[in-house]
Structure formats: structure tokens, C-alpha cells
Amino acid sequence: MRTEEEVRVYLFTGFLESGKTKFIRETLEDKRFNDGEPTLLLLCEEGEEEYDASAPYMECVTVATLEDESEFNEANLMRLAAKAKAKKVIVEYNGMWLLNDFYEKIPESWVIYQELMFADANTFENYNSNMRSLVYDKISSAELVIFNRCKKDFDKMGLHKIVRAISRRVDIAYEYADGSAEYDDIVDPLPFDINAPVVKIEDRDYALWYRDTSEEMEKYDGKVVSFKALVAIGKDFPDDTFVGGRRLMSCCADDLIFAGFACKTDKRDMLKNGDWANVTGKIEIRFNNLYGRKGPVIHVTELEKTTAPDEPVATFY
């Protein structure tokens, strides 16, 4: 059985006029990257910046423009890559298209080697105010967010907070008009003391704690934690198990999920679906059937029913 050869993919996201084309052009001009391998350049939107087809760095590059989102499908992508005999693919992605569609539609042999997001520092906060779900979509899986057209000595904190509300793992860089750049070095301490005998999670901090636990779960192994939880009990749950969590809004009201932790207790009979409870217990990181993978299991030591918090939906901001 023939195995398809791996195709390296470099994904560049961001909204129109965010600097994607300029960066890609500079990347292609770099011989360390553009070493003569056949390359497919997929353009999913057209801005003011253009590529010079006659430039030496375009010699091994085949350009394909997708004018409609329906053209972004596996069969068409495979056809374009085969026609270009592409060993690598550069994608200038449309900022209005969702990345989930991108990951679902690319061929299996396409492997993401890098994902960068670009943003104009002068317009980004407006985009975030008016199209929060699209901003979240682009930042949540990026390795690096590059804010360009920055002014010297500008206040980075506003941009920093928006990014960190979405991801604590993504790197942030600021590029200035004179061509200089610097990485974000703002320290984000967690709003709770992870080294306390009991890690107390305030209602307003639940989303941050849930994300931090998801990203770095091992550091919570053996920690005792206390938090207010909405109770969920499935019909197939073991008699000693419930899920304690919150409805979590990651980007907008249409994007609510229930984000919780498996909790084990011999007092589950006192609870029913939809109850609110104060939960204290010790975290163990291990495989659990509710997750279908390794994850945090809270062995409850204290449990009491309570009332809903003033803000029952958890948010990152």
C-alpha cells in the first residue's frame, strides 16, 4: 500500500491588510527557507500587497488563488498540490474563514509545521470588539502572534491582555515601523496561589484555572483545591462520580461549553443535576473513563450544596 509523502504546511492567518503578504514575501526571499523545493502558495484573499511573479524567489513557487471558500476542499487542494509537485505549501488564509474548516479539509498528508497570526496593532482592538469569535479562532491555535505597525513606546498591555485571555501558550511579538521587533515579556501571574495548602479558586477565576489545568495538568497532581461548581451527573456515571464545573464562554454567547472535572465522592446521593456545590478535594492526574484519556480527577473531601454565583458563566476576561 502506497503511503503519501508528507507535505509541510506553513499557515499564516490574520485579517485583511494585517501584514501576511509582506511577511510571506520576505520569507520566500530567504534562501534558508526557499531552497528550490517546489512550493504551492495558496492565496485565500487578495489585499493591496502583491507577489511579483517574475521575481527570482518565485521561480519554484506556484501560486493558486481561491476566490471562494467552497474551493477550499480536500480534492481541490490535492489537485493543486499535485500540479505544483509541491513539497511544501504556504497558506495565506482568509481572516473571515474559520480555522476548524481548514483543519478538517486539508489532506491527511499535509502536516502543519508553523502557524503564525498577524495583526495591525492600530486596528486589532476594534476587530476584537466587533469580531471577537474570529479573533479567538485565529489566536487559539497560533504559535506566534505578530503585531505590526507598532509605534515606539506604545502601551502593549491592551493587546497583551486580549491575547492572554485566549491563550497563555502563544508567543507575542511587536514589530515597529523602522523594522525592529521585540518579544512580549509581560509576566502573567496566576490569580490564585498554586502553592497554598488549599488552592482557592474564586468564581471570577474559574476559566483561567480550567485552562491552566488543561495546559499544564501535571503541576496540579496532588494539589488540594476548593471551588464552586455546577453539578452534572450522567446516567452512565459510576455511583460515586459527578462532574463539577461551569458553563464557559470562550469568545461569545454562541460559544458556550460545559467545562468541568471528574469528582469522586461517597456523598453523591446528596446531589442532583443542576445543583451548585462547594467542592474541596485532592487532584489526581490519571486516566478516567469520563475523559477517555488522562486528566484531573478530584477526590472530594468536603462537599456542601450552595447557591449559584452572581455570574454563573465563566469567562476569560
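Computed from the coordinates by the stated procedures, all read-outs in this text should not be read as laboratory data. Nothing here was measured: the structure is a model prediction, and the numbers come from that model. Virtual Cβ from ideal backbone geometry, glycine too; neighbours counted across all protein chains shown.
Could you work out the percent of alpha carbon pairs in the stretch 7-183 separated by over 27 Å, rounded to a whole number? Summing the P(r) of the stretch 7-183 above 27 Å gives 26 percent of all pairs.
Roughly how large, in nm² to one decimal, is the mean projection of the convex hull of the alpha-carbon atoms in the chain?
If I average the Cα hull's projected area over directions, I get 20.4 nm².
Helix 74-84 and the long axis of the chain differ in direction by around 30°, with both axes built from C-alpha atoms. Taking Cα atoms only, the orientation of helix 20-29 departs from the longest principal axis of the chain by about 60 degrees.
Here the label points at E302 and D205, each 7 Å from Cα along the C-beta direction, are separated by 1.6 nm in the simple model. Could you tell me what % of all Cα pairs in the stretch 100-165 have separations over 13 Å? Tail fraction, whole percent: 70.
Considering all C-alpha pairs of the stretch 199-315, those separated by over 23 Å amount to 23%. Of the peptides 210-216, 25-31, 115-121, the ranking by mean beta-carbon count within 10 Å, highest at the top, reads 115-121, 210-216, 25-31. Computing FRET efficiency as 1/(1 + (r/R0)^6) for N126 and A196, where r is the C-beta to C-beta distance and R0 is 45 Å, gives about 0.70.
For the pairs K20/K88; K156/K223; K31/K161; K228/K267, note any where the Cα-Cα span goes beyond 24 Å. Too far apart for the 24 Å limit: K156/K223; K31/K161.
Computing FRET efficiency as 1/(1 + (r/R0)^6) for R286 and E49, where r is the C-beta to C-beta distance and R0 is 45 Å, gives about 0.30.
Working from label points 7 Å from Cα in the Cα-to-Cβ sense, the A173 to D255 distance is 2.5 nm. Among 221-229, 195-203, the peptide with the highest mean count of other Cβ atoms within 10 Å heads the list, and the full ranking is 221-229, 195-203.
Fully extending the segment from M157 to N76, taken as 0.36 nm per residue of separation minus the present Cα-Cα distance, adds 24.9 nm.
Each Lys and Arg adds +1 at its Cβ and each Asp and Glu adds -1 at its Cβ; summed about the Cα centre, the chain shows a dipole of about 1180 debye.
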